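Okay, so here's the structure we're looking at.
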Amino acid sequence: MSVFQRSDGRWVVKYKDSTGKRIQKTFKEENDARSFEDELYVDSREGSRLTVFEAVTLYLKDHDWLSDGTKRMYSWSVAGAVGKNGTRSVGCAECIADKFVDELTRRDFNDVRDNLRARGSCNGTINNYIGMLHASFRYAASEGLVPADPWQSFSPLRHRKKHRDGSLEDFQKLYAILPDWMQWWCRTAMALCLRPGNVELFDLQWKAFDWHHGAVTVYMGKVGRPKTVYPIDEYMDEARARFNADEDGREGFVCRNRYGRQVKNYKATWRRYCKRAGVAIPPYAMRHLAATLMLAAGADVAAVAANLGHSSPAITLNVYAHAMPSAQRNASRKMGAAWCENGEKSSIKSIG
């Protein structure tokens, strides 16, 4: 089963009847659709074979914390979607949706890739959709519904990751021409090391702020867990002043658009100001710049990893090793100290 919203606002529940035929039912309200889905849902975690469609549906049902956009991607892959113009888009994995997971082969794997290539998808996008299917299969395996992920031995396509960084100089040029409400976006994103978008930055509310301890707790939709950040005092002082002036109080959004409402679409506005400033810098660069500046100043890697919300400092090291010249110089100084014995410098001419 799957539940999704059509472009006309109605909610659709897709499911199979007793004969195995796939049918759908529409509802005006999401609650009605969810209730209908719950009535149909039968716990199939013991003793039954799972199709690809059922594996993805089960994964979504048990991972409700995923963002709406991610859920739509999963749903489209196996059930397709209807666009705003009424045309139906065939999902990349609809061709295997009715196949049992434990019978999937390399040919099925290639069919999904070929469907995505036919849409003009790059290797990175193809890997993302294949990865979503992998996640569903692995979860089904962990629940004992399938023996294992049948595609676990297949390697992802090689691709060059999209450049998401930007120089500090370019950012300063852009920041200088931004209106106050957008500059506040930037200060918040960098002070809290947030991912720009509606899940972290623009969904952030004042109730996330702990004024007594000077901390902010943010839910990270990408990984489905919260993080706690202790930003600089200057930022917290400004945030407190804005909070006191906010008529909506704790339920108010921290970052808003020019009309004082929640931000829904920011990319077009961001690009427009980038064009005026003569720079090309993605919003995500603010998060990278914050991490780079902290590490370049010699901040503790574990503390930076906590601010970013990384599960391990090793991830931070792998991504931002280039931003740690001060730490490298410090390591070199310590190595130099090891060359001294009894206060006398050892000869290093023989090295090399």
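The values are calculated or read from the model by the stated rules, or taken from the named source; none is laboratory data. These numbers were taken from a predicted model, which means no experiment stands behind them. Counting neighbours? That spans all protein chains shown, and the Cβs are built from the backbone with ideal geometry, glycine included.
Criterion applied to 309, 298 was being of a type in the set (Gly, Ala, Ser) and buried (at least 19 other Cβ atoms within 10 Å of the Cβ), and the one residue passing it is 309.
For residue 194, the test of being assigned to a loop (DSSP other than H, G, I, E, B) and touching a residue at least 60 places away in the same chain (Cβ under 8 Å) is passed. Of 287, 258, 276, 271, all but one fail to be out of contact with any strand residue (DSSP E or B) (no Cβ under 9 Å at 6 or more places or on another chain), assigned by TED's automatic domain parsing to the domain that holds residue 209, loosely packed, with under 15 Cβ neighbours inside 10 Å and closer than 30 Å to residue 315 by Cβ; the exception is 271. Inspect region 32-47 for any residue being closer than 23 Å to residue 144 by Cβ and either modelled with pLDDT of 75 or more or among the basic types (Lys, Arg) (or both) and give the result as yes or no. Checked region 32-47: at least one residue is closer than 23 Å to residue 144 by Cβ and either modelled with pLDDT of 75 or more or among the basic types (Lys, Arg) (or both). Kindly establish whether residue 121 is farther than 28 Å from residue 271 by Cβ, of a type in the set (S, T, N, Q) and either out of contact with any Phe, Trp or Tyr (no Cβ under 9 Å at 6 or more places or on another chain) or surrounded by 13 or more Cβ atoms within 10 Å (Cβ to Cβ) (or both). Against the criterion (farther than 28 Å from residue 271 by Cβ, of a type in the set (S, T, N, Q) and either out of contact with any Phe, Trp or Tyr (no Cβ under 9 Å at 6 or more places or on another chain) or surrounded by 13 or more Cβ atoms within 10 Å (Cβ to Cβ) (or both)), residue 121 does not qualify. Would you mind stating whether residue 151 is in contact with a strand residue (DSSP E or B) (Cβ under 7 Å, 6 or more places away or on another chain) and either in a helix (DSSP H, G or I) or modelled with pLDDT of 85 or more (or both)? Judged against the criteria, residue 151 is not a match.
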